[in-house]
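Report on one structure; see the data block that follows.
Values quoted throughout were computed directly from the atomic coordinates according to the rules given, and no laboratory measurement underlies them. Quantities reported herein were computed from a predicted structural model and do not represent experimental measurements. Don't worry about glycine lacking a Cβ; one is built from the backbone with ideal geometry, like all the others, and counts go over all protein chains shown.
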Amino acid sequence: MNCIVCIEYIIVALMIISAILAVEWRDLLASTVGMAAVSLFASILFFFLQAPDVAMTEAAIGAALSAAVFIFAIKRTYRYETEEEEKLGWWVRW
């Protein structure tokens, strides 16, 4: 097993850890950063797999643009997720 394969396994492990953290964090801004990290690690992995066009697209759209859209949406809402029970909408109460 050469060094490149070891680096690829490390990147995949970092992607999995970032994805789990993005799901588990209650702070939505931190979750967005975790989601962007998953996308950034995916773009690095695509670069190692010799697909630089896909890597650049993933870095530009997946990491940067998606994260920016989520950050603007979080800015307009509440930053922290609450554990209150969600009330049923008016369409369910009929």
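Would you mind ranking Phe72, Phe41, Phe47 so that the residue whose beta carbon has the fewest other beta carbons within 10 Å leads the list?
Result, fewest neighbours first: Phe72, Phe47, Phe41.
Could you tally the net charge around Phe41, taking each other residue with its Cβ under 15 Å from the Cβ of Phe41, Lys/Arg +1 and Asp/Glu -1?
Net of charged neighbours comes to -2.
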